[in-house]
Amino acid sequence: MFTKTCTVCNQSFETHKNEADTCYSCHLTRLRDGGCPEEGDFNTATILSGRLSPQEEREFWQELSQIDHSDVPDRFTRNDDGEYTHCLRCGAPPYVDCDCD
């Protein structure tokens with residue numbers, strides 16, 4: 001785990017991702033854009049802030065890959081196993097709100 005300082009609120013937070021620079025709370029605030037958070041916003045903020053260990057994140061994506069993907073936009077690419085891997089435009093994982101919509 002890494003202890004980082006959030007670039008938005010300057011508060012200290014712990015993360016499993018060395019590249020994470022924004023805490024969970026600030027990610028959630030940005031995602032909800034002044035409104036109530038939606039169900040996926042909590043997962044997105046958790047992933048982006050690095051709250052999940054690498055193993056927990058792998059398990060999360062494995063569970064999510066079992067769900068019907070009929071609503072995944074065409075901009076996401078699939079691996080050889082047919083699982084969605086990332087946005088072709090920005091590299092975001094599936095179901096993470098990226099600005100490519």
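The values are calculated or read from the model by the stated rules, or taken from the named source; none is laboratory data. This is a predicted model, so every value here is computed, not measured. A quick note on method: Cβ atoms are made from the backbone with ideal geometry, for glycine too, and the neighbour counts reach across all protein chains shown.
Quick rundown of the values:
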{"read-out": "Residues located in segment 1-21, provided they are farther than 14 Å from ALA45 by Cβ and among the small types (Gly, Ala, Ser)", "value": "SER12"}
{"read-out": "Matching residues, segment 79-101, being outside any loop (DSSP other than H, G, I, E, B) and either in contact with a Lys or Arg (Cβ under 9 Å, 6 or more places away or on another chain) or at pLDDT below 70 (or both)", "value": "TYR84, THR85, CYS87"}
